[in-house]
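Novice: Okay, here's the structure, questions in a sec.
Each reported figure results from applying straightforward, stated rules to the coordinates on display, with no laboratory input. What you are looking at is a predicted structure, and each value in this text was computed from that prediction instead of being measured. Note: ideal-geometry Cβ built from the backbone for every residue, glycine included; neighbour counts use all protein chains shown.
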Amino acid sequence: MKKRFEVRILGQELSVISDSGDEHVASVIRYVSGKVEEAGKTAGRNALDIAILAALNIADEYLQIMGAKENIHNQLENRAEQLISLINDRK
């Protein structure tokens, strides 16, 4: 069931609608707020610059995680093929 959450980031009030639980939404808000705060330390005071830098940092983390996930998936797939081959060789 969708629920409305009121969020304040970079001085902006936003209404967010989500069907995720309260704890998950709060976790996302804390994460983004932390990234915005971190970006603000290097980007100055311009809200747009801070938001763009925070988005770039989040995108970078996401792409690194997705690359690691793909790597693990490929390793597991290769290992499974090796095991299947070993099983078939013993028949």
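Novice: Note the angle between two axes, namely the Cα long axis of helix 47-90 and the longest principal axis of the Cα atoms of the chain, as a number of degrees from 0 to 90, rounded to the nearest 10.
Specialist: 10 degrees
Novice: Looking at the range 1-63, which trypsin sites (Lys or Arg not before Pro) are DSSP coil and have at most 15 other C-beta atoms within 10 Å of their C-beta? Mind showing how you got there, number by number?
Specialist: Numbers: sites: K2, K3, R4, R8, R30, K35, K41, R45; in loops: K2, R45.
Counting only loop positions with at most 15 other Cβ atoms within 10 Å, the trypsin sites (Lys or Arg not before Pro) in the range 1-63 are K2, R45.
Novice: If you don't mind, there's one more thing I want to ask. Tell me which label goes with the value of Kirkwood radius over Cα pairs in Å computed from the coordinates here: [x] 14.6; [y] 16.9; [z] 16.5.
Specialist: Structure-derived value, by its label: [z].
Novice: Charges only on Cβ, +1 for Lys and Arg, -1 for Asp and Glu: so what's the dipole of the chain about the Cα centre, in debye to the nearest 20?
Specialist: On the way: 12 positive and 14 negative charges, 27 e Å.
Dipole of the chain, to the nearest 20 debye: 120 debye.
Novice: Relative to the longest principal axis of the chain, what angle (0 to 90°, nearest 10) does the C-alpha long axis of helix 22-43 take?
Specialist: 70 degrees
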